[in-house]
1. Can you tell which of A:Ala76, A:Val56, A:Val19 lies farthest toward the positive end of the dipole of chain A, using +1 and -1 charges on the Cβ of basic and acidic side chains (Lys, Arg; Asp, Glu)?
2. Farthest toward the dipole's positive end in chain A, which of A:Asn93, A:Leu111, A:Pro37, given Cβ charges of +1 (Lys, Arg) and -1 (Asp, Glu) about the Cα centre?
3. Name the shape class, rounded, prolate or oblate, that the alpha-carbon gyration tensor gives for chain A, where a ≥ b ≥ c are the square roots of its eigenvalues, rounded holds for a/c under 1.5, and otherwise prolate holds if a/b is larger than b/c and oblate otherwise.
4. For chain A, with only Lys/Arg (+1) and Asp/Glu (-1) charged at the beta-carbon, what is the dipole magnitude about the Cα centre, in debye rounded to 20?
5. Between A:Arg67 and A:Asn93, 0.36 nm times their residue separation minus their Cα-Cα distance comes to what?
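What follows draws every value from the coordinates through simple rules; no lab data is involved. Given the structure is predicted, the values throughout are model-derived calculations rather than measurements. FYI the Cβ positions are ideal-geometry reconstructions off the backbone, even for glycines, and counts take in every protein chain you see.
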Amino acid sequence: MPKIDHGKALRICETVNRVPVGKVASYGFIADLAGLPGRARMVGSALRQVSAYQDVAWHRIIRADGRLAFARGSDAAHRQTERLREDGVVVVNGRVDLARYHWQPELSELLQMNY
DNA sequence: TTTGTGACCGTAA
DNA sequence: ATTACGGCCACAA
């Protein structure tokens, strides 16, 4: 069972799973959309716990500057890189070009989730 | 109760 | 391009 608030974790996962294949989003951006402004760290800890037993698109979430959150060379970083490439996202030196791949939700989609 | 620690972030040197 | 710092907040010790 998750230690972190189930409601928040659920909202975070729902938001994360909205990121389309071939796109990425930052922890802070997801936090904002999930109604948790300024709590980027919580998105990270939520994903860490939930990804173990739930189906979440955790690999599409990266830092605000385009780098992967995991240390270069770590197993986790390699797994994430591979999954991103399967999505069609180009990753070079543990970094993604945000100008090209950062998710920009449509207005209609933003309104759909009331926050 | 206090303290240290993160899959973070924006700003400023 | 790096490093430092303060904010952020739930959790574990």
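1. It is A:Ala76, whose Cα lies furthest towards the positive end.
2. Toward the positive end, the furthest listed residue is A:Asn93.
3. Since a/c reaches 1.5 but b/c is at least a/b, the shape of chain A is classed as oblate.
4. Using only the charged Cβ atoms, the result is roughly 380 debye.
5. 8.5 nm
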